[in-house]
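What follows is a short report on a single structure.
The values are calculated or read from the model by the stated rules, or taken from the named source; none is laboratory data. Remember, it's a predicted structure, so these values are computed and weren't measured experimentally. When we count neighbours, we look across all protein chains shown, and the Cβ atoms used for this are built from the backbone with ideal geometry, even at glycine.
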């Protein structure tokens, strides 16, 4: 199936709804990833969300709104991605457990969504990049220690300029350009981190990022081989076992990483409306020999059984339901 020409987009504007429905509708939309609370007399919410390459880019205007992810929610939804939030206007307040920080216009804050967080917006326009951890680590390297890091306007000016330009140009871009655009976001974030003062760390992390990218290329090229396993990967990479397991600690090790890549191949096939093969055939092509095991693993990773996921994709495409579309997009960030 030929990919659609324009990037996929979801939009929402509370002003288009009756006053008594505005906050409830926005709360329902964000119930997938955060608890929404009204924190002032004039709650307003509008956004456009764009689907990139294992990343989402939100352009949001929010006032008197709070998003929170408590320990219970974090443990329940199993999200592992990161957010990189740039403030264009107004005030964003963030609490990652050590007190409220104020993020002003031009500044950027990095957040690991697998940890409890709360934010509050006052007359704010913000651009949030939600991105799979391994996708950003291909460029930046391991980022676990950067949770809560705030970059000043001077440090992230190139990143901010590119985000502004990208949001303006996305309506006219091709989907084939989205991987390059996502990589550019990661590269400019890396530049900002080096400007912040993490040059030596980033140089070393960049080596790890290249190793991760090379490993992913190797694994993806061998997914259809059911005999390809962690031991084979170790033998073929030329990288020590200790280094591989250090790099893949966030993914729970090499075997879990290989399984995740196999499941991602399955998910992409199930997302394709032109795909007519059965789940068993798709799973086998991805190196998952046992259908029952593949189904259980798919459910554990994506929260839906394969048949349910396929149905949800068809429903979202037919009805363009923004809640269902964003829910499915978020699965790609795991």
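Loosely packed, with under 14 Cβ neighbours inside 10 Å and either assigned to a loop (DSSP other than H, G, I, E, B) or touching a residue at least 60 places away in the same chain (Cβ under 8 Å) (or both), is that true of residue 260?
Taking the combined requirement at face value, the residue does not satisfy it.
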Exercise. Among the residues of segment 67-78, is there at least one that is within 22 Å of residue 123 (Cα to Cα) and surrounded by fewer than 20 Cβ atoms within 10 Å (Cβ to Cβ)?
Worked result: yes
For this session: Please state which of the following conditions residue 285 fails to meet, knowing it meets all the rest: (1) in contact (Cβ under 8 Å) with a residue 60 or more places away in the chain; (2) surrounded by 16 or more Cβ atoms within 10 Å (Cβ to Cβ).
Result: (2)
Exercise. Of the residues in segment 301-334, how many are part of a helix (DSSP H, G or I), farther than 24 Å from residue 221 by Cα and at pLDDT 80 or above?
Worked result: 5
Problem set entry | Candidate set: segment 142-162, residues that are in contact (Cβ under 8 Å) with a residue 60 or more places away in the chain and under 16 Å from the mean Cα position of the chain (by Cα); chosen: the one nearest to residue 114 (Cα to Cα) | 144
Exercise. Restricting attention to segment 229-246, does a residue exist that is surrounded by fewer than 13 Cβ atoms within 10 Å (Cβ to Cβ), out of contact with any helix residue (DSSP H, G or I) (no Cβ under 8 Å at 6 or more places or on another chain), at pLDDT 80 or above and not assigned by TED's automatic domain parsing to the domain that holds residue 286?
Worked result: no
For this session: Keeping to segment 109-141, report how many residues are part of a helix (DSSP H, G or I) and either within 27 Å of residue 73 (Cα to Cα) or within 14 Å of the chain's Cα centre (by Cα) (or both).
Result: 6
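Conditions tested, residue by residue: (1) free of Cβ contacts under 8 Å to residues at least 40 places away in the same chain; (2) under 20 Å from residue 10 (Cα atoms).
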residue: 47; (1), (2): yes, yes
residue: 52; (1), (2): no, yes
residue: 56; (1), (2): no, yes
residue: 68; (1), (2): no, no
residue: 78; (1), (2): no, no
residue: 85; (1), (2): no, yes
residue: 100; (1), (2): yes, no
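If we scan segment 4-14, do we find a residue that is in a helix (DSSP H, G or I), over 16 Å from the mean Cα position of the chain (by Cα) and crowded, with 18+ Cβ neighbours inside 10 Å?
Yes, some residue in segment 4-14 is in a helix (DSSP H, G or I), over 16 Å from the mean Cα position of the chain (by Cα) and crowded, with 18+ Cβ neighbours inside 10 Å.
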